[in-house]
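The values are calculated or read from the model by the stated rules, or taken from the named source; none is laboratory data. Remember, it's a predicted structure, so these values are computed and weren't measured experimentally. With ligands, DNA and RNA removed, areas are computed over all heavy atoms of the protein, side chains included. Shrake-Rupley method; radii C 1.70, N 1.55, O 1.52, S 1.80 Å.
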Amino acid sequence: METLAQFGDGGPGPWILLFPVIWALVIAGVITLLRRTVWRGRRGPGRPRAVEDNSPITVLGHRFASGEIDEDEYWRRLSVLDEQFGRTGKGGAA
């Protein structure tokens, strides 16, 4: 009876299955490395843009959360900041 690739007749035998497994591990390693380094910074069109920690909208949110300003003042200032720094604002860099 013949085994995998004529093992008894000098063929590679079951070791031939090791090479596809090695290649699969190499490809998975490359994809994992790219996802953790190069592709991490890129954002697709469906992903929301991250707000910077020192942006005026973030500072306003922190002031509201800490109780420095009340809700009315928060919404009033946020509407002004949305016009200047918002994603769809006319004066902001969207």
Margin query: From the protein chains alone at 1.4 Å, what is the descending order of accessible area for L17, L81, L34, largest first?
Written below: L17, L34, L81
Check: So what does L25 come to for accessible area, using a 1.4 Å probe and Å² rounded to 10?
Finding: 120
Notebook entry, point to check: What's the extension gain from L18 to D53 if we count 0.36 nm per residue and subtract their Cα-Cα distance?
Noted result: 7.7 nm
Next item on the list: For the range 67-74, just list the computed ³J(HN,Hα) in residue order, Karplus coefficients 6.51, -1.76 and 1.60, θ = phi - 60°, integers in Hz, with x standing in for Gly and Pro.
Entry: x, 5, 10, 8, 5, 4, 5, 4
